[in-house]
Amino acid sequence: MTPTPFKRLLLTGAAGGLGQVLRERLKGYAEVLRLSDIAAMAPATGAHEEIVECDLADKAAVHQLVEGVDAICHFGGVSVERPFEEILGPNICGVFHLYEAARKHGVKRIIFASSNHTIGFYQQDERIDAHALRRPDGYYGLSKCYGEDVASFYFDRYGIETVSIRIGSSFPEPQNRRMLSTWLSYDDLTQLIERGLFTPDVGHTVVYGASANRDVWWDNRDAAHLNYQPKDSSEVFRAKVEAQPAPAADDPSMVYHGGAFVAAGPFD
Ligand code: NAI
Ligand code: 15L
């Protein structure tokens, strides 16, 4: 696939773990990459980058942020389980502000960094596809379900297309036994984003973000039109991961798709 570069592509969450990786990897997809986060980011390295500090919870700031943009990779927000009050602004109000701004400014394509925590309460002996009922495993997972529903609504109502990537665990390497199944390499994440940005007529597509791991729990048949072909596998890390002491068989990390998230909180 030879992508046609956008004029201006917005990446939110640019100061985060994935944002810093994607800052390099998305460069070729746009004449200008607009990088945004509430946290400080490294300065622009040239005219092909714009740096905009912005709180996703701030409606006016988000509308300004989205002005002049052709497409958005939305990776900003709280990325772990936290009290609902901390998630509300960035993940609930934030995603709403972003789609409203996209509507007002004519943005037609969004990549939404959703999460496996939308379906975290499935057990690891269950294999599911994108049609499986969601089973969020906390306030964070609930916020990602909300984001997916916003994406669905904005396609049905306004024709704004989104690929929601239910990312498993995207880190340099899998850190534990659960991640041998959920791991998504940075190269495979980049491929998913590229497919999501440039495949025509995606409507609202939900795709699971995992590499070609031996024991994957997620079936991507509903996203076949993306032609996502993962190249990496967690197998190369298996011996290293399995050298760690094994958790008990009833430990949430050994039972649920969402692992430890299912047992996080309550926070009061
Ligand atoms: P991260 O926590 O490193 O990055 C998130 C970024 O969002 C941070 O730089 C943070 O400052 C920013 N942010 C938080 N609140 C904000 C606000 N109010 N306004 C603007 N920016 C705000 O997380 P990571 O790992 O880079 O993940 C990126 C995205 O991918 C997140 O949406 C996360 O939920 C999602 N994801 C990541 C997975 C992974 O394995 N890394 C797995 C599943 C989903
Ligand atoms: C996520 O949604 C988180 O953002 C990430 O930090 C990991 O915890 C990942 O899920 C996971 O489930 O491993």
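The values are calculated or read from the model by the stated rules, or taken from the named source; none is laboratory data. Small disclaimer: the values here were computed from a predicted structure and weren't measured. A quick note on method: Cβ atoms are made from the backbone with ideal geometry, for glycine too, and the neighbour counts reach across all protein chains shown. What goes into the accessible areas is simple: the full protein's heavy atoms, side chains included, and nothing from ligands, DNA or RNA. Shrake-Rupley method; radii C 1.70, N 1.55, O 1.52, S 1.80 Å.
Apply 1/(1 + (r/R0)^6) to the Cβ-Cβ distance of Asp129 and Lys7, taking R0 = 41 Å, and write down the FRET efficiency to the nearest 0.05.
0.70
Extending each Cα 7 Å along its Cβ direction at Ala60 and Asp215, get the distance between those two points in nm, one decimal.
That separation, rounded to one decimal, is 5.4 nm.
Convert each backbone phi in segment 206-215 into a coupling constant with the Karplus relation 6.51 cos²θ - 1.76 cosθ + 1.60 (shift: θ = phi - 60°), then list the ³J(HN,Hα) values in order as whole Hz, x for Gly and Pro.
9, 10, 7, x, 9, 7, 7, 6, 4, 10
Rank by packing, highest mean first: peptides 166-179, 37-50, with packing defined as the count of other Cβ atoms within 10 Å averaged across residues.
So the peptides 166-179, 37-50, ranked by packing, come out 166-179, 37-50.
What does the extension gain come out to for Val80 and Glu24, with contour length at 0.36 nm per residue minus their alpha carbon separation?
17.8 nm
Based on the alpha-carbon gyration tensor of segment 16-123 and its eigenvalue square roots a ≥ b ≥ c, which shape applies: rounded if a/c is under 1.5, prolate if not and a/b is larger than b/c, or oblate?
Cα axes put segment 16-123 in the prolate bin.
Modelled label-to-label distance, Glu53 and Tyr158, 7 Å Cα→beta-carbon offset: nm?
It is 2.8 nm.
With r as the distance between the Cβ atoms of Ala40 and Asp251 and R0 = 35 Å, compute the FRET efficiency 1/(1 + (r/R0)^6) and round to 0.05.
Working from the Cβ atoms, E equals 0.40.
When Rg is the radius of gyration of the Cα atoms in segment 6-263 and Rh is its Kirkwood radius, what does Rg/Rh come to?
Rounded to two decimals, Rg/Rh equals 0.96.
Could you please state how large a percent of the accessible area of the chain is carbon and sulfur, counting protein chains only and using a 1.4 Å probe?
Exposed carbon and sulfur together represent 53 percent of the surface.
Check the straight Cα-Cα distances from Lys108 and name the lysines below 29 Å, setting aside those fewer than 8 residues away within the same chain.
Of all the lysines, those that pass the test against Lys108 - Cα under 29 Å, at least 8 places apart if same chain - are Lys7, Lys27, Lys59, Lys144, Lys231.
Explain nothing, just the number: relative contact order of the chain, from Cα pairs under 8 Å at least 6 residues apart, as a whole percent.
Dividing the mean separation by the residue count of the chain yields 17 percent.
Calculated FRET efficiency, Phe267 and Lys231, Cβ-Cβ r, R0 45 Å, to nearest 0.05?
0.70
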